[in-house]
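Take a look at the structure below.
The values are calculated or read from the model by the stated rules, or taken from the named source; none is laboratory data. If you're wondering where the values come from, they're calculated on a predicted model, not measured in any experiment. Here the Cβ positions follow ideal geometry from the backbone for every residue, glycine too, while neighbour counts run over all protein chains shown.
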């Protein structure tokens with residue numbers, strides 16, 4: 001039991017670390033670790049319980065609350081929170097000091113995730129391939145419409161109001177649960193990345209609570225739609241998610257200046273280091289996925305206490 005809890009905390013830590021970075025999604029990490037649909041199902045059960053509670057239906061509230069995998073979800077959330085609190089400043093400094101190298105590492109991580117997600121796609125017929133390609137092209141083109149990750153855009157909102165943090169949390173959480181769309185990048189687009197990161201680094205608890213409340217509301221609404229889609233149109237949704245990840249690679253292209261711009265340029269010095277980091281990132285994803293599968297099989301084979 002202790003080993004399973006520790007593993008779920010570690011999974012959450014990896015997801016939280018990804019969510020801090022513009023361009024990398026915690027949903028991608030959940031997909032690689034093989035817990036994506038399980039996570040969506042638990043979040044959806046929790047949001048359903050909340051909905052029944054708001055309607056005064058205590059029986060329905062209790063029924064849905066029991067469907068939440070608390071032994072899985074709580075350690076996962078603890079790991080996510082620990083990663084955000086401990087790594088936010090380090091990643092912020094890394095992105096500022098080594099933008100090309102960091103982007104290359106993240107590019108490799110997401111590229112490896114695309115390979116893993118492709119293996120999970122059961123039906124690769126014409127319809128799914130069209131969905132995949134169309135989503136990838138649309139996302140790639142949309143990300144190039146505006147140089148949203150320029151320093152000016154990141155710092156667009158210096159002193160946002162409380163409602164802005166609430167709205168940003170509601171929108172960003174929808175992206176965080178989707179592989180390929182980074183919640184941090186949504187914050188960049190909204191001009192809220194720097195204020196939110198500063199609030200985390202400064203331990204501004206009121207602001208963090210307001211942002212978290214917005215995230216809870218957004219997640220409660222979005223998880224219902226996502227769970228239904230995965231249940232009834234699994235392969236189509238998976239194809240779209242793969243397209244999202246593939247299209248989002250534009251944000252992570254290391255040149256000319258990493259995540260600071262969505263502009264594309266030919267590789268220029270430094271080249272060897274970033275390429276090696278991209279390869280390391282891709283290999284790490286494949287290895288992590290393999291380890292996760294083995295641990296899950298071992299846990300499933302153990303008799304219930």
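At-a-glance table
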| quantity | calculated |
| --- | --- |
| First in region 260-287 and touching a residue at least 40 places away in the same chain (Cβ under 8 Å), second anywhere and part of a loop (DSSP other than H, G, I, E, B) and surrounded by fewer than 14 Cβ atoms within 10 Å (Cβ to Cβ), Cβ under 9 Å, 6 or more apart | 261/147; 262/145; 262/146; 262/147; 263/147 |
| Number of the exception - residue 217 against (1) over 30 Å from residue 116 (Cβ atoms); (2) modelled with pLDDT under 80 | (2) |
| Pairs with Cβ under 7 Å, 6+ apart, first in region 220-249 and closer than 15 Å to residue 125 by Cβ, second at pLDDT below 80 and assigned to a helix (DSSP H, G or I) | 237/230; 238/117; 238/120; 242/117 |
| Tally of residues being closer than 20 Å to residue 230 by Cβ and modelled with pLDDT of 85 or more across region 48-62 | 2 |
| Within region 252-274, considering residues that are touching a helix residue (DSSP H, G or I) at 6+ places or on another chain (Cβ under 7 Å) and in a helix (DSSP H, G or I), the one surrounded by the fewest Cβ atoms within 10 Å (Cβ to Cβ) | 273 |
